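The values are calculated or read from the model by the stated rules, or taken from the named source; none is laboratory data. Nothing here was measured: the structure is a model prediction, and the numbers come from that model. Heads up, the Cβs are rebuilt from the backbone with ideal geometry, glycines too, and the neighbour counts pull from every protein chain shown. Surface areas here come from the heavy atoms of the whole protein model, side chains and all, with no ligands, DNA or RNA. Shrake-Rupley method; radii C 1.70, N 1.55, O 1.52, S 1.80 Å.
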Amino acid sequence: MLRVGLILLCSEGQGRGKGSYLLALGRAFEKFGHQIGYAVPEGTPASNVLRGAKLLLNGPIHSLSRDARLKNIATCGDLLFNQGFGAAETAVRKITEWSVVLSESQPEIVVSDWAPCATLAARGRIPVLVTGNAFFTPPAEMPNFPSLHDLAPVQVEEDRILSAINACVSKGGVSPLQTLPELFRGQAQAVRSFACLDPYHQWRNPETMFAPTSDLSQLVGAGEEIFVYIWQPFNQHLLDTLVEALCRLDQPVRTYSISYNSAQSDKLRDAGIFVEPEPVDPQKILSRSRLVVHGGGSMLSGLLVASGMPQIILPRSIEDLVISTKLEAAGGCRSTRLDMTDAESLTQMITAAYGDSDLVKSVHNARAELTPNPSESWADDIAAVGHALL
């Protein structure tokens, strides 16, 4: 029997991928007869994706300014510090504002995708499904956050952040957290990822993991293009390196980026490269392409590896670096950092990957070993986990 009730899908994430993920989940919840609301930061790419929703609320966010943020994130604790958890007054403000959102919307379930303050605000009051990609959804059972790489030391002690959070939650009569990973504890957790993209795989309960879409292998190999997709903002100097590299290629190239300036776009067009005016549907990318070059991100990386598409990742953030490192070790991609290469070397790398049958074989082997197996129904499966909390 269908049950009508409000499911509020929340995120402090600002990217287009967050909005697309929540939208897919919202549509899956609607199949169970639920009313759907979304709470994401207004005026962001995430909110633009959701702008047609019947209920779209402003998700509170109080990240540190770029100048005040830690520059070399080593753990999720460092990342949380940059999200404003380093001071009690900021934590109080975030949790209080999320409490107002929940009080005004009165949801039956909160779905929290990188919205730990929404999780805290709902604690003890409303059932919570904690979800998202693996990088932003650490297992709550860990005693602490492990280092994500060996390129920088841990910069913030977890006890400092834990004290700031507990100073707030204790005032609301909620039991204090015993560990920082408990920020990601709800009544259930459902992670959309593959094991080869998961920095917490050795700690993860495999029953909480759901494979991203999908079996689209029939679309791969139909095209000859190189598609270059840079969604997140890139430093203009690094983009100049990328643009110069692309202009040297002999293969057909199509590209999209929110960061190209007019001079860069003109230079690409003059070189015969098709510059897309807006984001491209993933199935069109797969059907027209032979190789995809992109800046990283769990959703696109997961789609490409699930589809057996060769990819080159140009990591910009720690998330991108962690994903590219793990995926490259599994044979599913090649990667290089734009700040550690030049245009000529990048052109050579792309050209070599374009015609490399060994890379194609390696990518197909990685796809065959994916766990969980690629699925078309991940959104339905995760929504079912949330629906069962009622």
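Below, the figures for the structure above:
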item	result
Qualifying residues in the stretch 250-263 (those that are surrounded by 21 or more Cβ atoms within 10 Å (Cβ to Cβ) and at pLDDT 95 or above) - the one farthest from Arg337 (Cα to Cα)	Val253
Scope the stretch 109-126; condition closer than 20 Å to Tyr21 by Cα and touching a strand residue (DSSP E or B) at 6+ places or on another chain (Cβ under 8 Å); matching residues	Ile109, Val110, Val111, Ser112, Asp113, Trp114, Ala115, Ala118, Thr119
Odd one out for Val110, checked against (1) open to solvent by less than 20 Å² (accessible area, probe 1.4 Å); (2) more than 22 Å from Gly15 (Cβ to Cβ)	(2)
In the stretch 321-348, residue nearest to Leu291 (Cα to Cα) [restricted to those that are among the aliphatic types (A, V, I, L, M) and open to solvent by 50 Å² or more (accessible area, probe 1.4 Å)]	Ala329
Of all residues making up the stretch 122-134, the number that are touching a Ser or Thr at 6+ places or on another chain (Cβ under 6 Å) and either assigned to a loop (DSSP other than H, G, I, E, B) or of a type outside the set (A, V, I, L, M, F, W, C) (or both)	2
Every residue from the stretch 301-337 that is under 18 Å from the mean Cα position of the chain (by Cα) and of a type in the set (Lys, Arg)	Arg316, Lys326
Residue in the stretch 161-175 that is in contact with a Ser or Thr (Cβ under 9 Å, 6 or more places away or on another chain), at pLDDT below 85 and of a type in the set (A, V, I, L, M) present	yes
Residue that is surrounded by the most Cβ atoms within 10 Å (Cβ to Cβ) [pool: residues in the stretch 78-104 that are closer than 28 Å to Leu151 by Cα and among the aromatic types (Phe, Trp, Tyr)]	Phe85
Residue selected from the stretch 264-302 under the condition among the acidic types (Asp, Glu) and out of contact with any Lys or Arg (no Cβ under 7 Å at 6 or more places or on another chain), by the criterion surrounded by the fewest Cβ atoms within 10 Å (Cβ to Cβ)	Glu278
Failed item, numbered, when Phe274 is tested on (1) of a type in the set (A, V, I, L, M, F, W, C); (2) under 18 Å from the mean Cα position of the chain (by Cα); (3) at pLDDT 95 or above	(2)
Residue within the stretch 85-94 that is farther than 30 Å from Pro176 by Cβ and not in a helix (DSSP H, G or I) present	no
Sole residue being buried (at least 16 other Cβ atoms within 10 Å of the Cβ), closer than 29 Å to Ala306 by Cβ and at pLDDT 95 or above, chosen from Val220, Val228	Val228
Members of the stretch 168-194 found to be small (Gly, Ala, Ser), buried (at least 19 other Cβ atoms within 10 Å of the Cβ) and outside any loop (DSSP other than H, G, I, E, B), listed by number	Ala190
Residue match in the stretch 49-64 (condition: crowded, with 19+ Cβ neighbours inside 10 Å and touching a residue at least 60 places away in the same chain (Cβ under 8 Å))	no
Residue match in the stretch 305-317 (condition: modelled with pLDDT of 90 or more and open to solvent by 30 Å² or more (accessible area, probe 1.4 Å))	no
Output for the stretch 227-281, where each listed residue is closer than 13 Å to Leu314 by Cβ and in a helix (DSSP H, G or I)	Leu238, Leu239, Thr241, Leu242, Val243, Ala245, Leu246
Those residues of the stretch 76-103 which are of a type in the set (Asp, Glu), more than 21 Å from Asn133 (Cα to Cα) and touching a residue at least 12 places away in the same chain (Cβ under 8 Å), in sequence order	Glu97
Residue ranges of helices (runs of 4 or more DSSP H) in the stretch 297-379 with at least 2 members at positive phi	none
Scan of the stretch 200-217 for residues that are assigned to a loop (DSSP other than H, G, I, E, B) and at pLDDT 95 or above, ordered by number	Tyr200, Arg204, Asn205
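Results for (1) closer than 26 Å to Tyr200 by Cα; (2) under 20 Å from the mean Cα position of the chain (by Cα); (3) assigned to a strand (DSSP E or B); (4) of a type outside the set (A, V, I, L, M), shown as yes or no for each residue.
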{"residue": "Ile73", "(1), (2), (3), (4)": "yes, yes, no, no"}
{"residue": "Gly77", "(1), (2), (3), (4)": "yes, yes, no, yes"}
{"residue": "Gln83", "(1), (2), (3), (4)": "yes, yes, no, yes"}
{"residue": "Leu102", "(1), (2), (3), (4)": "no, no, no, no"}
{"residue": "Ser112", "(1), (2), (3), (4)": "yes, yes, yes, yes"}
{"residue": "Leu120", "(1), (2), (3), (4)": "yes, no, no, no"}
